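Reading through the structure tokens given below for one structure.
Where a number appears in this text, it was derived from the coordinates with a stated rule and is not lab data. All values derive from a computational prediction rather than experimental measurement. Using ideal geometry, Cβ is built from the backbone for each residue, glycine included, and neighbour counts are taken over all protein chains shown.
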Amino acid sequence: MSNDLIEHKSGDIISAIDRQGIGEILKPLIQEIHLFDSYVAGTAHLADPGVLDEIKVGDKLFLVREDNKFDSNAIVINTEKQKKLGYVPEKDDVIFARLMDAGKTLMAKIKDVSRIGTFTKISIGIYLVDY
């Protein structure tokens, strides 16, 4: 039965972690809980605007707190290649900053990319990564 408890010796678990890595063992336990839909702010002011040509719907994005003199709750949005895409909008970042400061892991996924002239609007969903 799939719900049966299986007894493992501690050495078995350690060897499984050595073989597969802790990330692979924990992967089935990870849940992404949708919190909010928003957009990426600051895309018109990127140091490397070429990053906008590299993204697509469904891409995972990484949220990182930033020490920022203009916004004490600033959260940078990076691509999987660690390229800066922009920010969580200031009007939306207070609660997310508090969650991150409390040790919670947040991430985002691209829901839509639309180009209007030279402007690129990136719609995202923000998720709590729960283990």
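Observations on the structure shown:
- Residue list for region 84-95, filter: within 13 Å of the chain's Cα centre (by Cα) and either of a type in the set (D, E, K, R) or more than 27 Å from residue 53 (Cβ to Cβ) (or both): 84
- Taken over region 61-95, residues that are within 15 Å of residue 107 (Cβ to Cβ), without any contact (Cβ under 8 Å) to a residue 40 or more places away in the chain and among the β-branched types (Val, Ile, Thr) amount to 4.
- Verdict on residue 117 being of a type outside the set (Lys, Arg) and surrounded by fewer than 17 Cβ atoms within 10 Å (Cβ to Cβ): yes
- Scanning region 71-114 for residues that are among the small types (Gly, Ala, Ser) and either farther than 27 Å from residue 31 by Cβ or surrounded by fewer than 16 Cβ atoms within 10 Å (Cβ to Cβ) (or both) returns 72, 102, 103, 114.
- Residue in region 61-70 that is in contact with a helix residue (DSSP H, G or I) (Cβ under 8 Å, 6 or more places away or on another chain), surrounded by 10 or more Cβ atoms within 10 Å (Cβ to Cβ), among the charged types (D, E, K, R) and assigned to a loop (DSSP other than H, G, I, E, B) present: no
- Scan of region 75-113 for residues that are small (Gly, Ala, Ser) and either in contact with a helix residue (DSSP H, G or I) (Cβ under 8 Å, 6 or more places away or on another chain) or outside any strand (DSSP E or B) (or both), ordered by number: 86, 97, 102, 103
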